[in-house]
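The values are calculated or read from the model by the stated rules, or taken from the named source; none is laboratory data. Just so we're clear, the structure is a prediction, and the values are computed from it rather than from any experiment. Backbone-built Cβ (ideal geometry, glycine too); neighbour counts: all protein chains shown.
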């Protein structure tokens, strides 16, 4: 069986990454999103093990000490992290894994898993990004301004990624994301394992053809 491929998908807030990834996973078999560990409190409707693995700060710090994370970060008062064991065992099962993390997490993962592929999703313009952040309607001007600042900071690292996709038209961006995953599934090393019987058969049949 082939080992899965690890993908990092990053984007500024408001670029539409979450919707794209949801649809991508619904459309493509053997593809999953890694569930992060977090120390933040569980919100209504969230399921442990599906949305997040909820951990106490002490448990989380112990995991850091045990080098259990591929990457981890502190966002305001909460910790978030990707379990190395969970990712590794999913990849070993032949399933491709997506990590939805920021540029800093991406840098950590590239060090640990150099053969991962990273994709950055950009908005079509700064105005549209601003509109998308404002249209949520729950946030104060101050929070939106800070989110814009964070988004610009995030986007300044897009050149560190292997692929760049602009999410202007949702379906086109989705098709482009899908094509990245499809093309890597067609790589020689992945295909040779799967197709060994076929290739052997195709090459072997050559001998009988020449004896007319």
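Going by what's in this entry, would residue 177 be described as modelled with pLDDT of 95 or more, within 14 Å of the chain's Cα centre (by Cα), under 13 Å from residue 17 (Cβ atoms) and assigned to a helix (DSSP H, G or I)? Working first, answer last.
Working: modelled with pLDDT of 95 or more: yes; within 14 Å of the chain's Cα centre (by Cα): yes; under 13 Å from residue 17 (Cβ atoms): yes; assigned to a helix (DSSP H, G or I): yes.
It is true that residue 177 is modelled with pLDDT of 95 or more, within 14 Å of the chain's Cα centre (by Cα), under 13 Å from residue 17 (Cβ atoms) and assigned to a helix (DSSP H, G or I).
Of all residues in region 137-174, count the ones that are in a loop (DSSP other than H, G, I, E, B) and either over 21 Å from residue 103 (Cβ atoms) or touching a strand residue (DSSP E or B) at 6+ places or on another chain (Cβ under 7 Å) (or both). Break it down stepwise before answering.
Residues of region 137-174 that are in a loop (DSSP other than H, G, I, E, B), as a first pass: 137-140, 156-157, 161-162, 167-169.
Okay, now just the ones that are also either over 21 Å from residue 103 (Cβ atoms) or touching a strand residue (DSSP E or B) at 6+ places or on another chain (Cβ under 7 Å) (or both), so 137-140, 161-162, 167-169.
Qualifying residue count for the region: 9.
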*asked:* Go through (1) at pLDDT 95 or above; (2) touching a helix residue (DSSP H, G or I) at 6+ places or on another chain (Cβ under 6 Å) for residue 124 and report which single condition fails.
replied: (2)
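Can you confirm whether region 55-78 contains a residue that is buried (at least 17 other Cβ atoms within 10 Å of the Cβ), in contact with a strand residue (DSSP E or B) (Cβ under 8 Å, 6 or more places away or on another chain), farther than 17 Å from residue 105 by Cα and modelled with pLDDT of 95 or more? Step through it out loud before you land on a result.
As a first pass, look at region 55-78 and keep what is buried (at least 17 other Cβ atoms within 10 Å of the Cβ): 55, 60, 63, 68-72.
Right, trim to in contact with a strand residue (DSSP E or B) (Cβ under 8 Å, 6 or more places away or on another chain) and you get 55, 60, 63, 68-72.
Filter again for farther than 17 Å from residue 105 by Cα, leaving 55.
From what's left, modelled with pLDDT of 95 or more: 55.
Within region 55-78, one or more residues are buried (at least 17 other Cβ atoms within 10 Å of the Cβ), in contact with a strand residue (DSSP E or B) (Cβ under 8 Å, 6 or more places away or on another chain), farther than 17 Å from residue 105 by Cα and modelled with pLDDT of 95 or more.
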*Scanning region 111-127 for residues that are surrounded by fewer than 15 Cβ atoms within 10 Å (Cβ to Cβ) and either assigned to a helix (DSSP H, G or I) or in contact (Cβ under 8 Å) with a residue 60 or more places away in the chain (or both), which turns out farthest from the chain's Cα centre (by Cα)?*
127
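Within region 79-99, take every residue that is free of Cβ contacts under 8 Å to residues at least 24 places away in the same chain and within 14 Å of residue 32 (Cα to Cα) and give me the one that is surrounded by the fewest Cβ atoms within 10 Å (Cβ to Cβ).
Quick first cut of region 79-99, residues free of Cβ contacts under 8 Å to residues at least 24 places away in the same chain only: 85, 88-89.
Right, trim to within 14 Å of residue 32 (Cα to Cα) and you get 88-89.
Working: 88: 16, 89: 11.
Of everything passing the filter in region 79-99, 89 is surrounded by the fewest Cβ atoms within 10 Å (Cβ to Cβ).
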